[in-house]
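Comments concern the structure below.
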Amino acid sequence: MPPFKVIIVGGGPAGLITGHCLTKAGIEFEILEARASHDANAGASNALWPQSVRVFDQLGLLEEAKKLYTEVNFKACVLADGTMFYKSEAFARVEEQHGHPFMLFHRGELLDMLDRRLPDRESHVHNNKRVAAIETSEHGVKVVCADGSAFEGSLVIGADGVHSTVRQLMEEKSPQPPPEEAMSTTYIGLYGSCPRLPKTESGTFYETHGPKFSLQLGVGHTRNFFVVYHRLEKTTKARHRFTDEEKEALAVQYAETYITPDYKFEDIWKTALWSHLAHIEEGLVDKWYGDRIVLLGDNVHKMTPNVGFGFNNAISSAAALTNGLRRLILEKTQAGDPAGIDTEALTRVFADYEKIRKAEAKKYIEISANYSRNVAWDNLLFRVIDRYITPFVHLDVFLLKQLMSPQVREGVVLDFLEEKDFKEGKVKWKHPRQKLASTSQDGDGDGKDDSEDSA
Ligand SMILES: Cc1cc2nc3c(=O)[nH]c(=O)nc-3n(C[C@H](O)[C@H](O)[C@H](O)COP(=O)(O)OP(=O)(O)OC[C@H]3O[C@@H](n4cnc5c(N)ncnc54)[C@H](O)[C@@H]3O)c2cc1C
């Protein structure tokens, strides 16, 4: 019987973090990524919430992450004319609540770290491999790429983003009628980065609120990260690839809108180092697995990024799925029954994983949707709440404690690794620190303590 191996389709944030988790679990895997390489210049910001910081700690990535991130303590809420109407301390409360801070990264740098730090990266990640077909049998999977190459394994984890080929292939194999399209778009986002402007304060996250739009500006060490959220007239399920002309036209539309009290959007735009205009889909896929295929990341749960929960959900999912697969392999190996890792046994693991994560992801999608619509004054009530009630009663701090913290505390961690830098705030974690019998951090079975960064 061939050794147990996972084929991960997609080497974006979700695919790479899953690779790290599987490495620690001692599970063999290969990642097939359509792109030739990662563009370390690409993307806006990507923030980690404390539940994900715990997983980074377990994976030995925290030390380097601490060198890359910038802290966020305040949110400066601004009107289109630059007037600051509220300075919120909600971000600073995150650390009080959960022990670890809210960590803000440049997406390109974070992705580069995940890619570079994957042990034995060259034998695990195959670039220029666009997956086009999947064959499944009772014994395993064969994944075929557009260039004709094929990879065999025991199961497929689809981590190929919102327009997922794996999801489509999985749904085509199902005897059920194809489900209705789960993703819809209400907002489009113009996002990217520019060299850091002098009057942008470290530790402050700027956010412009207005009718049917909002703007965000994060402050990194050397860059500012920006997003313009623009509401469409009508929510759509159609896909659209924007042209450069459409991107420029949206930038011109917001040129005079202030993104901080000191800078208009045009000040950011004219020095942009990288930018992209895209649909910001929202949605939750109903069926997360089928046969020997399971989905993970933006292809099953997509949310507006205003509060920065998308990748954080993928991290919890990667941990939950890895825990399940590792348990199954141990159970069958100890029982001397490696052939018992059949489709039925895998399906049980996938079902457990979906059960753990789907309801949580749904709440994150709802929280994100409400936040986006509130700051973009989707209706009169939101406008009144955002403009007058929130600053007066610090409603955002209240909601962080009452709505977000109960979600954050649920974050799944790897159940077989210690945390070197364990932290807990006022809110107790649902999944407490692992107390391992031995002091060894060896999760990949190589006999070495690999708890901290070895790059
Ligand atoms: C402006 C903005 C800001 C954000 N900020 C945050 C934040 O602060 N915190 C947070 O948690 N989240 C944030 N997000 C969301 C986060 O970026 C996503 O949740 C995350 O990128 C999802 O990762 P993924 O790997 O599932 O999908 P993707 O990032 O889409 O990656 C999918 C990968 O699969 C590859 N692929 C696609 N098809 C195939 C195929 N057929 N074969 C092989 N490979 C394929 C692609 O090339 C790509 O590399 C933000 C998003 C945006 C747009």
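The values are calculated or read from the model by the stated rules, or taken from the named source; none is laboratory data. What you are looking at is a predicted structure, and each value in this text was computed from that prediction instead of being measured. Methodologically, a virtual Cβ is constructed for each residue, glycine included, from the backbone with ideal geometry; neighbour enumeration extends over all protein chains shown. We work out accessible area using only protein heavy atoms, side chains counted, and drop any ligands, DNA or RNA first. Shrake-Rupley method; radii C 1.70, N 1.55, O 1.52, S 1.80 Å.
Things worth noting here:
- Within segment 35-46, the set of residues being out of contact with any Phe, Trp or Tyr (no Cβ under 6 Å at 6 or more places or on another chain) and either open to solvent by less than 10 Å² (accessible area, probe 1.4 Å) or away from the ligand (no atom under 12 Å from the Cβ) (or both) comprises Ala40, Gly43.
- Inter-residue pairs, beta-carbon under 8 Å, first in a helix (DSSP H, G or I) and more than 7 Å from the ligand (Cβ to nearest atom) and in segment 302-329, second of a type in the set (Lys, Arg) and open to solvent by 10 Å² or more (accessible area, probe 1.4 Å), 6+ apart: Thr322/Lys24; Leu328/Arg348
- Some residue of segment 403-418 being at pLDDT 50 or above, open to solvent by less than 80 Å² (accessible area, probe 1.4 Å) and of a type in the set (S, T, N, Q): yes
- The residues listed here are Glu138, Glu95; of these, the one that is modelled with pLDDT of 95 or more and more than 12 Å from the ligand (Cβ to nearest atom) is Glu95.
Every residue, every condition in (1) at pLDDT below 95; (2) polar (S, T, N, Q); (3) within 14 Å of the ligand (Cβ to nearest atom), yes or no:
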site	(1), (2), (3)
Gly192	no, no, yes
Arg196	no, no, no
Phe213	no, no, no
Thr222	no, yes, no
His230	no, no, yes
Ala255	no, no, no
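- Residue count for segment 149-170 satisfying the condition of being surrounded by fewer than 18 Cβ atoms within 10 Å (Cβ to Cβ) and in contact (Cβ under 8 Å) with a residue 12 or more places away in the chain: 3.
- A residue that is open to solvent by 10 Å² or more (accessible area, probe 1.4 Å) and in contact with an Asp or Glu (Cβ under 8 Å, 6 or more places away or on another chain) occurs somewhere in segment 304-315.
- Single residue of Leu22, Leu32 found to be touching a residue at least 60 places away in the same chain (Cβ under 8 Å), more than 9 Å from the ligand (Cβ to nearest atom) and open to solvent by less than 10 Å² (accessible area, probe 1.4 Å): Leu22
- All conditions in (1) part of a loop (DSSP other than H, G, I, E, B); (2) closer than 27 Å to Leu330 by Cβ; (3) of a type in the set (D, E, K, R) hold for Asp57, with the sole exception of (1).
- Residue in segment 120-135 that is farthest from Gln168 (Cα to Cα), counting only those that are open to solvent by 60 Å² or more (accessible area, probe 1.4 Å) and more than 14 Å from the ligand (Cβ to nearest atom): Asp120
- Members of segment 290-301 found to be more than 15 Å from the ligand (Cβ to nearest atom) and open to solvent by less than 10 Å² (accessible area, probe 1.4 Å), listed by number: Arg292
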